[in-house]
Amino acid sequence: EKRVLNSELWHACAGPLVSLPPVGSRVVYFPQGHSEQRAGLRIIGVSDILIEVMNMVAASTNKEEVDVHVPNYPSLPPQLICQLHNVTMHADVETDEVYAQMTLQPLNPQEQKEAYLPAELGTPSRQPTNYFCKTLTASDTSTHGGFSVPRRAAEKVFPPLDFSQQPPAQELIARDLHDNEWKFRHIFRGQPKRHLLTTGWSVFVSAKRLVAGDSVLFIWNEKNQLLLGIRRANRPQTVMPSSVLSSDSMHLGLLAAAAHAASTNSRFTIFYNPRASPSEFVIPLTKYIKAVYHTRVSVGMRFRMLFETEESSVRRYMGTITGISDLDPVRWPNSHWRSVGWDESTAGDRQPRVSLWEIEPLTTFPMYPSPFPLRLKRPWPAGLPSFHGIKDDGLGMNSPLMWLQGDAGRGMPSLNFPGIGVTPWMQPRLDAASMLGLQTDMHQAMAAAALQDMR
């Protein structure tokens, strides 16, 4: 279907925490995180090599065999630094599930060394301001009833009723993601009086096969149009259609596609379903660098984290870091994916492990103030040598800052740092003792530049 979906409605259905990286930006792709995505995406425009691998796996293996014989793909690092060439928003015709199609191209070592300083951490999600979201009850999906609309939601989102009529009523026309029109009768009646959608609602429920637990969204946009979206409740799939990928074949297929693209420096296509993925697995490169190499965390540290509520709003929870380690050190060593274990009694049933870029520490321990912050405001001070003169263990490797400088003599092939014995958040802080080897004028130059930045 070659048409652009309504971005506002797509993001509303995707969730308030979802944002898509801008086309042309550099991103970090996590195949480990991609494999967590719940199976169920239909094969739409997937490359031939991916379909071939998935079909072979689905036909010749079972779950036990897959768990034992998952290929290692030694050429596939836990993070792939890629150029994002295309992003397209889609909605499944049968289920209305929203997903994004992304075209990525891994960068070779030389391209990674080129200085790249994007001005943004990602495109903010185009969430609507005038909307409401409600989880359907059994009476909402009954063929004999209607949809009960919360009073405040109806008064905020729907056009005002004419209360001179008895009972007050009006016809509403809403458009879904596929640009289909749905007509409903909105009436204010009952004892006590309440807002209801009656005529046309049961037709919509039947056509979309909605059940209790699913959610609906109504949006009143700036063009005075009423938009309508749905979200499916997460339910275990008992029958897997032949056109849908199983979790095992999808896991093997995406690993094969990513490994092939990494080895040939070619483009590959992925599908991101925000409602089926516990976390985003394609994030802006700058966001990754900022979180992993410019934020210090430790066990026992308190942090804030955003979560989506049932009404599609955002709530900030507090958490405590209980551990920092690789989630799967055998298959994905030195990976930062879900490296933080956390716990909080008020958090409820949530992911027990999160990634560094998903949290906001209450107290941070930054690196020693650098003459060139992440976004370079001035050139490297004349006469000040590069960090090649400092021992690697003094700055915890040549630091991603030097990578951002684009040093040709000793640039880093990737941000994975496989040769480092410790992960970046465990590296020792650069204190005064480690600076004794620097000349006095060098130290003063660095301090003056840092002070200017802080001002």
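The values are calculated or read from the model by the stated rules, or taken from the named source; none is laboratory data. Bear in mind that the values here come from a model prediction, so they are computed numbers and not experimental data. Positions of Cβ are generated from backbone atoms using ideal geometry, with glycine treated the same way; all protein chains shown enter the neighbour counts. To get the accessible areas, we keep the full protein, side chains included, count just its heavy atoms, and leave off ligands, DNA and RNA. Shrake-Rupley method; radii C 1.70, N 1.55, O 1.52, S 1.80 Å.
Ignoring ligands, DNA and RNA, what accessible area per residue does segment 97-216 give at 1.4 Å, in Å²?
52 Å²
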- Query: What spacing in nm lies between the two simple spin-label points modelled at ARG315 and GLN351, each 7 Å away from Cα in the Cβ direction?
  - Reply: 1.9 nm
- If each part is reduced to its alpha-carbon centroid, segment 20-34 and segment 149-173 end up apart, in Å, by 43 Å
- Work out the FRET efficiency for GLU171 and ARG331 from their Cβ-Cβ distance, taking R0 = 56 Å, and round it to the nearest 0.05. 0.50
- Message: Beyond 13 Å, how much of the Cα-Cα pair distribution for segment 296-367 remains, as a whole percent?
- Response: 66 percent
- Task: Determine which residues of segment 180-216 fall in the zone a paramagnetic label at ALA138 would reach in this model, i.e. backbone nitrogen under 20 Å from the point 7 Å along Cα→Cβ.
- Result: 202, 205-206, 209-216
- So what does GLU36 come to for accessible area, using a 1.4 Å probe and Å² rounded to 10? 60 Å²
- Query: What does the accessible area of TRP220 come to, in Å² to the nearest 10, when a probe of 1.4 Å is used?
  - Reply: 70 Å²
- Message: Run the numbers for THR264 and LYS193: contour at 0.36 nm per residue of separation, minus the present Cα-Cα distance, in nm.
- Response: 19.0 nm
- Evaluate the distance, in nm, between pseudo-label points positioned 7 Å from the Cα of ASN180 and of ARG302 along their respective Cα→Cβ axes. 5.0 nm
- Message: Can you tell me the convex hull volume per residue for segment 145-213, based on C-alpha atoms, in Å³ to the nearest whole number?
- Response: 109 Å³
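Taking R0 as 30 Å, what FRET efficiency do you get between GLN105 and SER206 from their Cβ-Cβ distance, rounded to the nearest 0.05?
0.10
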